[in-house]
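Taken together, the values in this text are just the output of simple stated rules run on the coordinates, not laboratory data. What you are looking at is a predicted structure, and each value in this text was computed from that prediction instead of being measured. Glycine gets a Cβ as well: all are built from the backbone with ideal geometry, and neighbour counts include every protein chain shown.
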Number of protein chains: 2
Amino acid sequence: MNLTTTQLLINGDRLNQSIARLAQIGKLDNGGVKRIAYSQEDIEARNLVQQWMREIQMQVRVDAAGNIIGRYPGKYPDAPALATGSHIDTVPCGGHYDGAYGVLAGLEAVRVLQENRLKLDRSLEVIVFTDEEGSMIGSKAISGRIINDSDYYRRPDGTDIQTCLTRVGGSWNNIAQARRSPNELAAFVELHVEQGPVLESMGKQIGVIEGIVGQRRFNITVKGSANHAGTTPMQMRCDALVAAAQVVLAVNQIGNTPGQQVATVGKMKVLPNAANVVPGWVEMSLDLRDLSSLHIDSLLKQLRIHLEEIAVATDTQISLNPCLHNEPALAEPYIQQAIARSCKNLQLNYTYLPSRASHDAQELAQITDMGMIFVPSKMGVSHDASEYTSPEQCIQGANVLLQTLIQLNSEKSLKS
Amino acid sequence: MNLTTTQLLINGDRLNQSIARLAQIGKLDNGGVKRIAYSQEDIEARNLVQQWMREIQMQVRVDAAGNIIGRYPGKYPDAPALATGSHIDTVPCGGHYDGAYGVLAGLEAVRVLQENRLKLDRSLEVIVFTDEEGSMIGSKAISGRIINDSDYYRRPDGTDIQTCLTRVGGSWNNIAQARRSPNELAAFVELHVEQGPVLESMGKQIGVIEGIVGQRRFNITVKGSANHAGTTPMQMRCDALVAAAQVVLAVNQIGNTPGQQVATVGKMKVLPNAANVVPGWVEMSLDLRDLSSLHIDSLLKQLRIHLEEIAVATDTQISLNPCLHNEPALAEPYIQQAIARSCKNLQLNYTYLPSRASHDAQELAQITDMGMIFVPSKMGVSHDASEYTSPEQCIQGANVLLQTLIQLNSEKSLKS
């Protein structure tokens, strides 16, 4: 094989036709897509993708977690493989691009290699991960981070995970076998729509992802005293909502200190929640994300001090209870550099940014070197029928993926 | 008749026994009372009170609004009468004192006069008002402020007002006849438990009410933009809850400016209310009360300016929509003075304060001179089984009522 990295380009029409074709499965009247994991639509889409893989002589298998693994063998099939991929399940009213785009761009990269009768040194895998929008059971099985409790994976509709996995060709009892060894995979690169407004607002074509942010989630409760809103003088109140309002602003202040973190109170419940009663109890969520765990720890420390001050000043009790803790997953610098080089070669402008949403790549980072590529989302919208990335933008991202995989093929940092 | 004002005292045991007896009707397992207007329990209680009135030779009638009017004729029965009274209906889980205490203390005052064969110059009326805890239809019919729309008075359970009033001896079709002329009533004095913590916290035995506060209620809506809490950077958000938190604090600040006003956000709804979504919409209540309408207007003007500043700073839209407007009802200074003199004569300590809850007296103030007397509520609690005013405190308040009525009997400010 003798590839100049700027020579090979994907077939843009074929890519966009594939995206449009897959979006027919589970198509909603509003233009959106409903292709919930394990549903008939999901199964139909899985079958189509496997058919497409086989048409280009990929070796296709479904592992115990239902992940579809299409392999395009390299010249040295025993060397650790390069991998790309994403998911094809959607939220109940999703769009055409979230997940599906990454899978189909990976497929398109192989199509171009195959029709040019090119092989990389390493085998190239395109992986379709199971249930990204729900449990992320597919990528977690590959990283070996499955929780050994089938009830944990029971679906919201009550279906047990055994039944679900059997539907898609997996097996709960054998799920440990889905785990991949670090020796099998040299690197994983996921291409995805941004699902946020940063690239569009900056006028950038490509996002080089620095990592997937860590996420901590807490329940904050404020205990005051419920009292008659007429007969209780201001100075005799312990108003839980007045305290909670200060908490919301403290969280927002933490979010706005220098750094790339985001901090959000998205959910709030007031009790007894009547116009003529001073609130006695407020519950709210706190969601805090950043690429650095140390930075999150430092922000939380500041916040706790602030919450104590608010509790004293408002004569309330405030507690902060953790309910989710995901560590950040950093992208390897050499993969970021390969993506950036690909952008330069393709004359696409790019920026570095963190991914503040979860992706299967964060699980793959547990067992191999990880990188991610983003393309813009119109208005930052995702998980909605109006989710949109233009055909041109889809082509640009897929070319960056192809070029990046080709560059990584000869990357010295990779495991051999 | 020749009464020295400090001579006559009520029979405390008889008063407290009456309170305990009435509390048997609708008694709940938790010690509370359920005697909802027009219910079988309400009717039973009405019958008992009428029986008690008749036993002391009061002239009893039920008007078209179902109000029970017991009249103890004076020496000059054609002169405008003095009146007292309150209500005997309760909230679904009420206590022994709210309303019932004022009715039974009025009855006790007449009992004392009657057993001492004393007549006032003016007739003395004890009025039991219909449905104070709901529509206040009884006192509103007397003041002539009934809304001419029977649907408005339909009960939460769907029962129409015609049926309800018929049950208690009234008649919707004739309700206009319940209106009293200012020439019939010289003054109205209502004795009530405070339902708030002020008297207890100040260590005062009696509250001399300056008036019943005006109340304005508003819906405040904040429109921002719902966005993914992960992928939307802080500086690109229009977070409706961050704006709403500032509104809550602005309302609290208005409440804490010098004055006797109270200002409360008691109710809040956040949309979409999910931990991982920046809130796009918040609705909340504003309840604002003060004795002076001008003062309320001035506070609202300050608040509107503040809300505009918040909307600009947070890039949201904030609107303030009125949904309730009750004007204040002021107590006549000469009645306040008569109450204060009675306290001094009885060696009870007292303070002046506004009533920040609604009472039938606010309607009576529309047609005659009004005054109110408060006794302490333990911990400020009302509308609950734990509502409590001690037997001693009940006796003190009833003696103040009796003495006040006796003083008003010879008050020169009164209509003759």
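What sits nearest the axis between copies A and B, counting only chain A Cβ atoms, is the residue and whole-Å distance A:A245, 2. Restricting to the range A:1-135, compute how many DSSP beta bridges are antiparallel as a %, nearest 5. DSSP beta bridges in the range A:1-135 are roughly 65 percent antiparallel. The same position A:K27 in the other copies lies at 7.3 nm from this copy, comparing label points 7 Å beyond Cα toward the beta-carbon, shortest first. Distance between the 7 Å Cα→Cβ label points at A:D157 and B:T351: 6.3 nm.
Each of B:M370, B:L330, B:T351 was scored by the projection of its Cα onto the charge dipole of the range B:310-416, and the greatest displacement toward the positive side belongs to B:T351; charges sit on the C-beta of Lys, Arg, Asp and Glu. Dividing the helix sum by the residues of chain A, where each DSSP H run of 4 or more adds -39500 (n - 2.57), gives a mean residue ellipticity at 222 nm of -10500 deg cm²/dmol. Placing a pseudo-label 7 Å from each Cα along the Cα-to-Cβ vector at B:S413 and B:L118 gives an inter-label distance of 2.2 nm.
Note on the range A:138-186: Kirkwood radius taken over Cα pairs, Stokes-Einstein applied at 20 °C and 1.002 mPa s, translational D equal to 185 µm² s⁻¹.
A simple spin-label model places pseudo-atoms 7 Å from Cα toward Cβ; at B:K344 and B:S298 they are separated by 3.0 nm. Take the alpha carbon gyration tensor of the range A:1-142, find the square roots of its eigenvalues, order them as a ≥ b ≥ c, and report rounded if a/c is under 1.5; if not, report prolate when a/b exceeds b/c, else oblate. Note, shape of the range A:1-142 comes out oblate.
For chain B, the C-alpha radius of gyration sits at 1.09 times the compact-globule guess of 2.2 N^0.38 Å, with N the residue count. With an 8 Å Cα cut-off and a minimum separation of 6 or more residues, compute the relative contact order for chain B in percent. Relative contact order for chain B comes out at 23 percent. The dipole here belongs to the range B:214-326: it is taken about the Cα centre, uses +1 on the Cβ of Lys and Arg and -1 on the Cβ of Asp and Glu, and is about 200 debye. Using a 7 Å projection from Cα along Cα-to-Cβ, the label point at B:M379 is separated from the same position in the remaining copies by 5.2 nm, smallest value first.
Loop only by DSSP, 11 or fewer other Cβ within 10 Å of the Cβ. Give me the trypsin sites (Lys or Arg not before Pro) in the range A:309-416 that pass, ordered by residue number.
Details: sites: A:R341, A:K344, A:R356, A:K378, A:K412, A:K415; in loops: A:R356, A:K412, A:K415.
Counting only loop positions with at most 11 other Cβ atoms within 10 Å, the trypsin sites (Lys or Arg not before Pro) in the range A:309-416 are A:K412.
Stretching the chain fully between A:S150 and A:D315 yields a gain of 55.0 nm (0.36 nm per residue, less the alpha carbon separation). Over the range B:348-389, one equal point on each Cα, no solvent: what is log10 I(q)/I(0) by the Debye formula at q = 0.19, 0.27, 0.28 Å⁻¹? At q = 0.19, 0.27, 0.28 Å⁻¹ the computed log10 ratios are -0.75, -1.06, -1.08. Per residue, the convex hull spanned by the alpha carbons of the protein assembly as shown comes to 171 Å³.
Temperature 4 °C, viscosity 1.567 mPa s: under these conditions the Stokes-Einstein estimate for the range B:37-105, based on its Kirkwood radius over C-alpha pairs, is 98 µm² per second. Our Cα-only numbers for the range A:301-416 put the radius of gyration and Dmax at 20.4, 64 Å. Seen against the Cα atoms of chain B and their longest principal axis, helix B:240-255 is set at about 40 degrees. Of all the options A:V193, A:V103, A:V91, the one that moves most in a Gaussian network model of chain A with Cα springs shorter than 10 angstrom is A:V91. In terms of its Cα atoms, the range A:214-326 spans 49, 21, 19 Å along the principal axes, sorted from long to short. Rounded to 0.05, the FRET efficiency of the B:M202 and B:Q177 pair, given R0 = 35 Å and the Cβ-Cβ distance, is 0.20. Of all DSSP beta bridges confined to chain B, the antiparallel ones make up roughly 65%.
Counted residue by residue at 0.36 nm each, then reduced by the alpha carbon distance between them, the extension gain from B:L48 to B:E283 reaches 80.0 nm.
Each of A:A105, A:L28, A:P77 was placed along the dipole of the range A:10-144 (beta-carbon charges, centred on the mean Cα), and the one lying farthest toward the positive end is A:P77.
With its label point defined 7 Å out from Cα along the Cα-to-Cβ axis, A:N219 lies at 3.0 nm from the matching points of the other copies, in increasing order. Working from the Cα coordinates of the range A:1-61, the gyration tensor eigenvalues give, after taking √(5λ), semi-axes of 28, 17, 8 Å in decreasing order. Between A:C93 and A:K269, the C-beta separation translates, for a Förster distance of 30 Å, into a calculated FRET efficiency of about 0.75. Here the range B:95-236 is treated as a sphere whose radius is the Kirkwood value from Cα pairs; by Stokes-Einstein at 20 °C and 1.002 mPa s it diffuses with a coefficient of 108 µm²/s. Between the range A:294-369 and the range B:257-305, the C-alpha centres lie 35 angstrom from each other. Sequence-distant contacts, meaning Cα pairs under 8 Å at least 6 residues apart, place the relative contact order of the range A:214-326 at 45 percent.
Taking B:N173, B:N148, B:N276 in turn, the Gaussian network model of chain B (Cα-Cα springs below 10 Å) assigns the largest fluctuation to B:N276.
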